[in-house]
Each structure stands twice: as structure tokens, then as C-alpha cells.
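No lab work stands behind these numbers, since they all come straight from the coordinates. Note that the coordinates shown come from a computational prediction; the quantities given were computed from them, not determined experimentally. Please note: Cβ atoms are built from the backbone with ideal geometry, for glycine as well, and neighbour counts cover all protein chains shown.
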Amino acid sequence: MLELPIYLDNNATTPMDPRVLEAMLPYFTNKFGNAASRNHSFGWVAEEAVDYARGQAAKIIGANEKEIIFTSGATESNNLAIKGVFEMYQQKGNHIITVVTEHKCVLDSAHHIEKIGGKVTFLQVKPDGLIDLKELEDAITDKTILISVMYANNEIGVIQPVREISAIARKHGVLFHTDATQAVGKIPVDVNADGIDLLSFTGHKLYGPKGCGALYVRRKNPRVKVTAQIDGGGHERGMRSGTLNVPGIVGFGKACEIAMEEMATESVRLAALRDKLEKGVTVMEETYVNGNTENRLPHVSNVSFKYVEGEGLMMAMKDLAVSSGSACTSASLEPSYVLKSLGLNDDLAHSSIRFGLGRFTTEEEVDYAIEVTKKAVTHLRELSPLWEMFKEGIDLDSIEWAEH
Amino acid sequence: MAYSEKVIDHYTHPRNVGTLDKAKKNVGTGLVGAPECGDVMRLQIEVDDNHVITDAKFKTFGCGSAIASSSLATEWLKGKTVDQAMEIDNMDIVEELALPPVKIHCSVLAEDAIKSAINDYRVKNGLEPIQLEKSHH
């Protein structure tokens, strides 16, 4: 039996796996201790659980458990990485490099660096969403201390050439941070093979709880340090104070363990479902898949249905929870900056839908989604003056539109 | 953000979707908005010899509220004289559809579309276009 509504927004957040919840539950009640309480068994039990989870979180990215700093999530991890590196290394230089398609928390941390006297280069991306490596290397100066490039993009799923980026960073003695929020648990990530110095990830994108994430900070070759952004009791090797969220950390660790075990089979299953979905909807004319389709996450597809507006479309795709690059609700009326940076016209950005499949997505749900999407697009195109003009062969670019 | 019942009703069962023959002298066409802004409305009226609007049709590229605003506008236009139609204010649409503040621009666009269609009709019939104050509320 198909249960409605269907959740296809797994890049926004994922439902928690029941196995994760089960692991967490005791740490809310009888195992409630403070992991920093060194003088009684309640504290020891909590500390032991945190240490175990630290190992689980380290393993999924090929790190050592001593290199994991628990945070409240990827936003905090990204803030800590960028601001923390800048503060720690500003004697060495004041320049950082990042990319226009990064998550807002990276972009806004970079803007903060600019406000406190740093310089930031925001690299553009190619039409497929990937950065130009030569442009990256050319942007490096003797003042550059950090390159921050996301592992995989949250809107279009494209995977950046992380190993090539880290090789360039190494060559110039620059630290490399990556926001791997969308990648960890979905595709193999290895901080050593990939040459990563700092890496952000979070629980709720991999079927763990919200409110718990981590920053990986390399300890050897080179030894990296970040200036704490939250001061206090000196937890997490002095880089992030605050009583540890023990149940959250336990759940995050368990989620990493499950994702790692199931990744190989799950990524194949999801890619097949994603391809089926894409094939199913792109049979309609004037329908385009956004971003590079070779280097991308297995579970996300971003499609523009030309001549139909995304928010209106989502309303017609009743019982499907998806998201759109349209920004009809925002005061600025600006569509997705990620899609715009691909060089997409605003109208195509307004017409985009992101489908994010997940661990609990079934083939039956995908079949249903294809039918609902096709019906909705057809319905709205019948209502669309632009579709009518297109069908009459009128060049929409030749019309002088009145801005409003 | 949840939509009001009236928006959902107009969106699910849009009234008067379609196209009138824009070559006809008694048909006025208004095309407002821009694809880059995510909203384009085309609203058409057919007017009889007594300046009464006998038919109205629309097509809209836009969000649910934009579609509902233009659908509602066509309902209101039918049976009104052209002069009465000029009186339709976007805030009437906001009220009727219970549009939230972020969707007020949808109603503004619908009002613009009505006025633009009326002016097209007037010009076709040798009348002066009515000067519109830029209707940004």
C-alpha cells in the first residue's frame, strides 16, 4: 500500500532510522550522565558512549577518533572551520577561497571574514556546477590560508573534484576544508585519500538526529588547529566547549555506522531509482536535468520543467514533498543562486524541482511520483501563457516584458 | 506556508482558462509580468456594444496565488462594465483570497493585467488609454 504524502526531500533532512532511535533512547533516561563528569559511573558511562560514537563517526570518513570535534550540526562546523582557521592562522595570511554555490553558512562565514579584515575569493562554477581547477590555482596568493569547497552540492548533487583540489592546496601549503554534509554516508569519503584537512558533516542528513554534527580537524601532516568559537569548559580538545549532547552523539555515531555498512548496496539502489525517475519525467518535452550528471550523488535529481513555475508546480504535485529553486515566497523574488550560477536563465531556475530520494524511498513511490509530476506539469502548461506562446513558435526573448 | 481554501479552490479548479481571439476589435488583451520574475499573466476581456464585459479568459505562469488571483479576476470581470472593471483594486483580491503579505504582488499583477486588458480594448476602439498610477501597493 502506498502511503501518502511521499517524502522526496532527503537533501533537506532525512527521517531518523529506527535503529538509531533505539540506540539513543537509554541516554535520555537512565544513562543521562555528563560525559565530562570524571568522578562517578554516570559520567563514565556517558563518556564511554561518546568515545564509541566518536570512533563510528571517524570511521565513516577514514579519520582517527581524536580528530572528531562534535558540534551542533554542519552550520556550526562550517562556521568553526572557516572562522576558526582564519583566527588561528591570520598571522600567516588573510585570504581564503571558496565557491559561489556553497551553502549559505559557508558564504556567510566568508562574508564575516571580509568584515573582520580578511579577503575572500568566490570562485564561479562551470555550467555543469563544477569549479575550474585552473581558476582555483590562479586564485591562490602567498596570503591564502584556506580553500573551502563543498564535497557535493545540496541543490544539484554535483560532486567537486576533491582530490584534485586537495592536491593543489597541498602544493601551495594551503589548508583545505570541505563541507561534506551531503556526501558523507552517501558516497565513499576518506580524509586521507582525499587529502582533506577539515571536513564538516551532520547527523540529520544520514538518518541520524538533528542537532548533532562534527568537524574533522586533521592532527597529522599537517597538524591543524582552529580557534574556538564557543568558549567555556574546554571540551573537545578546547575547540568547542559545551556539555556534550550525549544522546545526539550516540545517534549520530550509530547513523554513521549504518550508512557505512549499507552504502555500497544503497547507492546502487538509489541511483537506479533516480535514473528511473529522471527518465520518467524527461520524456516530456522542454524538460532539463540541471548540473553535471556524471559526477553527482546517487539520490538527487534537479529538473527544470520549462514554462511552468516551480512553486505552482509543487502545489499541483500534491502528496509529494519536494523542493524548488523558485523563490516566489521570498521578498526578493530571487530564484536559487546555485541554479543561477550555472548560467541558467531565471525562468529555468524558477521552473526547477529537486527530487531527493532516500533510504526509505520505494520503487512504488517513484512510479507514483513520475505520474503525479507528469500530470501536474501537463495541467500547468495548459494554464501557462508561455507554453502557448512556445507552441505558437513565438520567441519569448523577443518580447519586452514589463518588470514588476 | 499553507494556502487558504479559496486559493486552493481556484488553483485546483481554475475558472475561465483559455484564449480569446486577440485580433478581434472587441477583445482586449493584457500581458503582464516577466518570466524572470516567475510570474506572467495574460488576461483577456470580450466587450459588447454597451461596454459590458461578456467574457474573460486567463492563462498564468506563476505560483498558486498568482493563478488564483487571475482566476478570481476573470470571475469578477464578467458582467461588469469596463468602467466598473477599472475599479477593481488589488486589495479586494488580497482580502477575498486571504493572501499573505509575501503574495500581495500576485494581486498587484492581477490588477495590472485587468487595466492593461482594458487599455488594449480602449486603444483598439479609438479611445484614449487611461493613465495608470504605478500600482505598487
Notebook entry, point to check: Are there trypsin sites (Lys or Arg not before Pro) in the stretch A:164-235 that DSSP puts in a loop and that have at most 10 other Cβ atoms within 10 Å, and which ones?
Noted result: A:220, A:223
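Quick one: which of A:104/A:186; A:276/A:340; A:104/A:276; A:126/B:103; A:375/B:103 span more than 29 angstrom between C-alpha atoms? Walk me through the numbers before you get to the answer.
Numbers: A:104/A:186 22 Å; A:276/A:340 26 Å; A:104/A:276 31 Å; A:126/B:103 34 Å; A:375/B:103 25 Å.
As for pairs spanning more than 29 Å Cα to Cα, those are A:104/A:276; A:126/B:103.
What is the fewest-to-most order of A:269, A:240, A:381 by other Cβ atoms lying within 10 Å of their Cβ? Can you show the working numbers first?
On the way: A:269 16, A:240 26, A:381 23.
Arranged by neighbour count, lowest to highest, A:269, A:240, A:381 become A:269, A:381, A:240.
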Item checked: Choice from B:106, B:37, B:63 showing the highest fluctuation, given a GNM over chain B with Cα pairs closer than 10 Å -> B:37
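Tell me which GluC sites (Glu not before Pro) from the stretch B:15-120 have a DSSP coil assignment and no more than 12 other beta carbons within 10 Å of their own.
In loop regions of the stretch B:15-120 (DSSP not H, G, I, E or B), the sparsely surrounded GluC sites (Glu not before Pro) are B:87.
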Check: Sorted from fewest to most neighbouring beta carbons within 10 Å, what does the list B:74, A:101, B:54, A:361 look like?
Finding: B:54, A:361, B:74, A:101
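Size of the dipole of the stretch B:1-100 about the Cα centre, Lys and Arg at +1 and Asp and Glu at -1 on the beta carbon, nothing else charged, in debye to 20? All intermediate terms of the calculation are to be shown ahead of the outcome.
Numbers: 10 positive and 16 negative charges, 91 e Å.
So the magnitude is around 440 debye.
In the protein assembly as shown, what percentage of the DSSP-assigned beta bridges are antiparallel, given to the nearest 5?
Bridges in the protein assembly as shown are about 65 percent antiparallel.
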Check: Cα gyration tensor of the stretch A:6-70, axes a ≥ b ≥ c as square roots of the eigenvalues: rounded (a/c below 1.5), prolate (a/b > b/c) or oblate?
Finding: oblate
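Equivalent-ellipsoid semi-axes (√(5λ), Cα gyration tensor) for the stretch B:91-131, whole Å, largest first? Mind dumping the intermediate values first?
On the way: eigenvalues 152, 12, 8 Å².
Square roots of five times the eigenvalues give 28, 8, 6 Å.
Rounded to the nearest 5, what is the percent of antiparallel bridges among the DSSP beta bridges in the stretch A:102-244? Could the numbers behind the result be given before it?
Numbers: 6 of 13 bridges.
Of all bridge pairs located within the stretch A:102-244, approximately 45 percent are antiparallel.
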Checklist line | DSSP H segments from chain B that extend 24 Å or more along their own axis, Cα-based, with Kyte-Doolittle mean of -1.0 or above | finding: B:104-124
Next item on the list: Give me the aspartates and glutamates in straight-line cross-link reach of residue A:66: C-alpha distance below 13 Å, same-chain residues under 8 apart excluded.
Entry: A:51, A:236
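Report the net charge of residues surrounding residue B:102, where surrounding means a beta-carbon distance below 14 angstrom and charges are Lys +1, Arg +1, Asp -1, Glu -1. If you can, show how the numbers build up before the last one.
Working: positive: B:103; negative: A:311, A:334, B:39.
In short, -2.
Quick one: plug the Kirkwood hydrodynamic radius of the protein assembly as shown (C-alpha pairs) into Stokes-Einstein at 10 °C, 1.306 mPa s, and report D in µm²/s.
On the way: Rh = 25.6 Å.
Roughly 62 µm²/s, to the nearest whole number.
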Next item on the list: Report, in order of residue number, the helices in chain A meeting two criteria: a C-alpha extent of 27 Å or more along the helix axis, and a mean Kyte-Doolittle hydropathy of at least 0.5; treat each whole DSSP H run as one helix.
Entry: none
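Are there any GluC sites (Glu not before Pro) in the stretch A:375-404 that are in a DSSP loop and have at most 15 other Cβ atoms within 10 Å? List them by number.
Taking the stretch A:375-404 and a limit of 15 other Cβ atoms within 10 Å, the loop GluC sites (Glu not before Pro) found are A:392, A:400, A:403.
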